[in-house]
Amino acid sequence: MSEMTKIVKTTANILFPFTMIFGLYVIAHGHLTPGGGFQGGAIVVSGCALLLVAYGSSWVFDRIKDKRLAAFESLGAIGFITIAFLGLMFSAVFFGNFLAGSGSLFGTTPATGSTLADFNTGGVLPLMNFAVGVKVIAGLFVIVLVMAYASSTKEWG
Amino acid sequence: MEKRIIAGALVLGIVAVFFLFSVLLIHPFGDPGQAQMDDYIITHTQNETGTQNGVTSVVFDYRGFDTLGEATILFSAVTGVLLIFRRVRH
């Protein structure tokens, strides 16, 4: 995939930060608003795919190491499993929500009914959203990059 | 050509009959048949998981094991794409 014109590059430059912020917002507020790790990760990767289209695959291959993406994917999966086993350890149930209502990190219990959203709620759900978000960003970006690599002539990885 | 049109019309008619039956047998809006699980989750999600978002509480807490499977599906999708699109070096 070769790079595109200056118009496309400028548009991508303007849109990229907003796409990133929106995707990270959807991941971070997964326990309050619609969305979560999967959806926010897909939004972030769509911003990265925008860069890939605008700047060409060789520009991205120079800056992204596939080993690091693999490490991030493994990190997300290990974090997800670790939180699940911590639930088994602290609340005797696999995927148990041991932080909910504990008063510590993300431990506030919201009042029943329709109330104002509080970021410091949800127990392990925000942490799981974050782990899944990292996993989805790395996994989908690897898919997009490998498909771009298959159509390019440059050596990578 | 005539036969193809007749066969197409026949298939369309059969599908239309099934769709008609499903429309006639559909639940009235806002009145699901089995609602015990929905009611339990709607009533208890804020106390048990401390989350305002009921959907996320189902996806990551009540059905966390299912989400683990989803993450595995993503992993196997990445593995499959890497297998198909990798470039064989000679």
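Taken together, the values in this text are just the output of simple stated rules run on the coordinates, not laboratory data. Everything numeric in this text was worked out from a predicted model, so none of it was measured. Quick reminder, even Gly has a Cβ in these numbers, built from the backbone with ideal geometry, and neighbours come from all protein chains shown.
In the range A:3-27, of all residues being without any contact (Cβ under 8 Å) to a residue 12 or more places away in the chain and hydroxyl-bearing (Ser, Thr, Tyr), the one that is nearest to A:ILE137 (Cα to Cα) corresponds to A:THR10.
Give, as residue ranges, the helices (runs of 4 or more DSSP H) completely inside chain B that count at least 2 residues that are more than 30 Å from A:LEU99 (Cα to Cα).
The qualifying helices (runs of 4 or more DSSP H) are B:2-24, B:64-85.
Here the condition is being assigned to a loop (DSSP other than H, G, I, E, B), under 30 Å from A:GLY123 (Cβ atoms) and in contact (Cβ under 8 Å) with a residue 24 or more places away in the chain; of A:GLY30, A:GLY40, it holds for A:GLY30 alone.
Within the range A:70-122, the residues that satisfy the criterion of being among the hydrophobic types (A, V, I, L, M, F, W, C) and surrounded by 16 or more Cβ atoms within 10 Å (Cβ to Cβ) are A:ALA70, A:PHE72, A:ALA77, A:PHE80, A:ILE83, A:ALA84, A:LEU86, A:PHE95, A:PHE98, A:LEU99, A:ALA100, A:PHE106.
The set of residues from the range A:98-115 being more than 8 Å from chain B (Cβ to nearest Cβ), of a type outside the set (Gly, Ala, Ser) and free of Cβ contacts under 8 Å to residues at least 24 places away in the same chain comprises just one member, A:LEU105. Here A:ALA148 clears all of (1) farther than 21 Å from A:SER46 by Cα; (2) among the aliphatic types (A, V, I, L, M); (3) more than 9 Å from chain B (Cβ to nearest Cβ) except the condition numbered (1).
Restricted to the range A:116-132, and to residues there that are more than 7 Å from every other protein chain (Cβ to nearest Cβ) and part of a loop (DSSP other than H, G, I, E, B), the residue that is nearest to the chain's Cα centre (by Cα) is A:VAL124. Residues that are of a type outside the set (A, V, I, L, M), within 14 Å of chain B (Cβ to nearest Cβ) and in contact with a Phe, Trp or Tyr (Cβ under 9 Å, 6 or more places away or on another chain) within the range A:1-40 comprise A:HIS29, A:GLY30, A:HIS31, A:THR33, A:GLY35, A:GLY36, A:GLY37, A:GLY40, listed in sequence order. The single residue among A:VAL45, A:VAL142 that is β-branched (Val, Ile, Thr), assigned to a helix (DSSP H, G or I) and either over 18 Å from the mean Cα position of the chain (by Cα) or closer than 19 Å to A:VAL26 by Cα (or both) turns out to be A:VAL45. Scanning the range B:45-65 for residues that are more than 9 Å from chain A (Cβ to nearest Cβ) and over 19 Å from the mean Cα position of the chain (by Cα) returns a single hit, B:THR45.
Among the residues examined, B:GLN52 qualifies as surrounded by 12 or more Cβ atoms within 10 Å (Cβ to Cβ) and in contact with a Leu (Cβ under 7 Å, 6 or more places away or on another chain). With respect to the conditions (1) in a helix (DSSP H, G or I); (2) touching a residue at least 40 places away in the same chain (Cβ under 8 Å), A:LYS154 lacks only one, and its number is (1). When you scan the range B:22-42, do you find a residue that is under 28 Å from A:PRO110 (Cα atoms), in contact with a strand residue (DSSP E or B) (Cβ under 6 Å, 6 or more places away or on another chain) and within 14 Å of chain A (Cβ to nearest Cβ), even just one? No: zero hits.
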